[in-house]
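Step one of this worksheet: look at the structure below.
The values are calculated or read from the model by the stated rules, or taken from the named source; none is laboratory data. Because the structure is a prediction, the values reported are computed rather than measured. Virtual Cβ from ideal backbone geometry, glycine too; neighbours counted across all protein chains shown.
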Amino acid sequence: MPRRKINARTRLCMGLTAAALALTVITLLRPLGLQRLHEQGRIIFDRHGAPIAYIMDRQGEWKFATSADQVDPLLPHMLIAIEDRRFATDPGIDPLAIARAVWQMARAGHLVSGASTLTMQVARLLHPAPRTLIAKLSEADEAIALTSRFSKPQIMGMWLSLAPFGGNIVGVQAASRIWFGKSPASLSPAEAALLIALCRRPEALRPDRHPIAAAMARNRVLREAWAEHVISADALRQALGATLPTQRQALPLQSPQITTRLPNNTRTTLDAGLNQALAALADRDLAGMTPAESLAIMIIDTHSTTVRAAFAGDWANPRRAGFLDLTAATRSPGSALKPFLYGLAFADGLAGPSTIFSDLPAHFGAYAPDDFTHHFMGQVSAAQALRRSLNLPAVSLMRAYRPARFAAALAAAGTPLALPRGALPSLPLALGGAGVSMREMARLYAGLGNDGSIRPLHVIQADSQTGQTGRALPLLAPSVAREITGILTRNLPFGGPGSIAWKTGTSAGNRDDWAVGFDQRHAVLVWVGRPDGGALPGAAAIDRAMPIFTQVFGLLPAAPLTPYNPPPPVSLAQGPLAAPLRFAFPPPDATLQTIAGVDLRAMGGARPLTFLVDGAPLTSIAALRSAHWNPPGPGFYRLTILDALGQHVTTRVRIISPSSG
């Protein structure tokens, strides 16, 4: 059978068909460059779903992924009607628009109208390039590939996420928040029209720099939308009279040391309103501090152990180490861990609220702790010692309970103490001789205010709902936790809400000032100090951290605890006091000549009595009301008498040699 000859026209058609098929295969199978779409900023939300932090992408742009269902339907409706009315059905390019543009250009000799579809705009936004014929062909090719792989709502989401709106504002989410201060889910016709106009010429139509040009461009878009029956005549009239934004609005960045470390779309346990109020309060207090001092504050829901508000430092202030999360920094707690020492000792039967301790100078081997005020109270109950944060009773209790055992109990509850390398737990743990972070302290006090069990602290809502970060670890029995809570519950020293359980702590050298406490619903922790570990001048925690602590509780609804009525202490005194304690000799501010010593005498008070000179106790017989003292030389001395119930009286004397007379 003879072969049929293939003529030239058939060969041309076959060649074109093969080329078209090859081009189609290449277009459909070639990889798409979506990196710019995936490089997005992050939005962090509070527990109610309100945005509390916007974080730029790595290029410094405000750009956030936005899907079509996150935007007011008016915007895509208006956009499609004006920019690409065949968007729903075209294959990524619009052949009719291309034919029209070519015919108009042929008649006019120049470009009259464009033929870009929204999908071609997305291709250009994904790969910005100079607007040349080659670039146009590449955009058309990529538009076809995008349409073959993504749905129209997905492509609309790409446009909404990548369209430019002036400066470093990219995408409708950022544009709506920055220009209008609102979510794009509820745009007015005037706002939607401004966004469509702005993305055409982002820099030339910025409303903060070119308000007249921006208004004219917006109004043209509004009239086009009316002509396309997208908005009514009444809506057009109202929109034409709407005012333009005159400046960019700052996006929120709450608790930045915490939120900037979270992944996109994290829903936190923070409360936006409370967190904002706390930040304002902290800023006011920071204004009164020295440039090197800083501040950290946390508010915890004690029932769920979730962070409701946090101020983690003066953000971006290098003198205050503002980029550090001070709620996670390890610091000395001072006396703030004493309640847990007392609670563990109570549970162990070593002491109870009524147990009498001696608050007198003492040496524990080479360790000689002092009270912060340099005054001593004599015989006190455990409840009094804890409330007054006396150091000597706490160290005595630590010696009885044993430091290693105390550290192990806290570690078993998920709060290991930070010790210097190679160091073992020792008696100074009672006074803050170890390190903890504010977050660890928050767990302890939230547990004390709950049932004595220490639970994980949550700042991410999903963690708090699933409990995936750990279980409750027992530290104190509920009855003991209530007992310690009762002892700490009293009114605040500077006024404010009543019946709050609170404790202060000041570290050695006055480097850390703490005020921590809780009511029935919330725990509050305040730290004041220098992030570099330097000493603070002047006052202690009661004067620095405690006023701030009081202010923070003023932000919260009142939830008072039940005040504690301790049982009477077991006293060593015999019978009622005959009279107030006072010096019988020497008289106040006396000047004495002596070479044979001085007999100090007391009247009143409850025995046994303790006589001290410049804070050091004299050897005496406890049942007597006198003590003999041999002054080491001439000079001024402070004399103190303490009785069994904590009363004390102090006077000053001057000793001169007989030849001085």
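Restricting the search to the stretch 344-360, which residues are within 21 Å of G378 (Cβ to Cβ) and either in a helix (DSSP H, G or I) or among the acidic types (D, E) (or both)? Selection gives A345, D359.
Remark: S396 matches the filter, which requires a residue to be modelled with pLDDT of 90 or more, closer than 26 Å to Q647 by Cα and outside any loop (DSSP other than H, G, I, E, B).
Quick one: is A197 under 14 Å from T243 (Cα atoms), modelled with pLDDT of 95 or more and assigned by TED's automatic domain parsing to the domain that holds E61? Criteria not met by A197.
Just checking, does the stretch 283-293 include any residue being of a type in the set (K, R), farther than 15 Å from A446 by Cα and modelled with pLDDT of 95 or more? Checked the stretch 283-293: at least one residue is of a type in the set (K, R), farther than 15 Å from A446 by Cα and modelled with pLDDT of 95 or more.
For the stretch 41-64, residues that are in a loop (DSSP other than H, G, I, E, B) and either free of Cβ contacts under 8 Å to residues at least 40 places away in the same chain or surrounded by fewer than 21 Cβ atoms within 10 Å (Cβ to Cβ) (or both) total 10.
Of all residues in the stretch 187-233, which are of a type in the set (V, I, T) and assigned to a helix (DSSP H, G or I)? The answer is I196, I212, V221.
Residue under question is R319, and the condition is that it be in a strand (DSSP E or B) and among the basic types (K, R); does it hold? Considered against the rule, which asks whether it is in a strand (DSSP E or B) and among the basic types (K, R), R319 comes out as no.
Among the residues of the stretch 498-512, the ones that are touching a helix residue (DSSP H, G or I) at 6+ places or on another chain (Cβ under 9 Å) and touching a residue at least 60 places away in the same chain (Cβ under 8 Å) come to 9 in all.
Among the residues making up the stretch 354-374, those that are in contact with a helix residue (DSSP H, G or I) (Cβ under 9 Å, 6 or more places away or on another chain) and either among the polar types (S, T, N, Q) or under 21 Å from G505 (Cβ atoms) (or both) are S354, T355, F357, S358, D359, F364, Y367, P369, D370, D371, F372. Selection within the stretch 132-183: residues that are part of a loop (DSSP other than H, G, I, E, B) and surrounded by fewer than 18 Cβ atoms within 10 Å (Cβ to Cβ). The member of this set that is modelled with the lowest pLDDT is T132. Here Q593 does not fit the description of being over 30 Å from V307 (Cα atoms) and either basic (K, R) or at pLDDT below 80 (or both).
Residues in the stretch 239-276 that are closer than 23 Å to P207 by Cβ and either basic (K, R) or not in a helix (DSSP H, G or I) (or both): G241, A242, T243, L244, P245, T246, Q247, R248, Q249, A250, L251, P252.
Y445 satisfies every condition listed in (1) within 23 Å of the chain's Cα centre (by Cα); (2) in a loop (DSSP other than H, G, I, E, B) except (2). Looking only at residues of the stretch 200-210 that are touching a residue at least 24 places away in the same chain (Cβ under 8 Å), within 37 Å of the chain's Cα centre (by Cα) and over 22 Å from I55 (Cα atoms), we find that the one that is surrounded by the fewest Cβ atoms within 10 Å (Cβ to Cβ) is E203.
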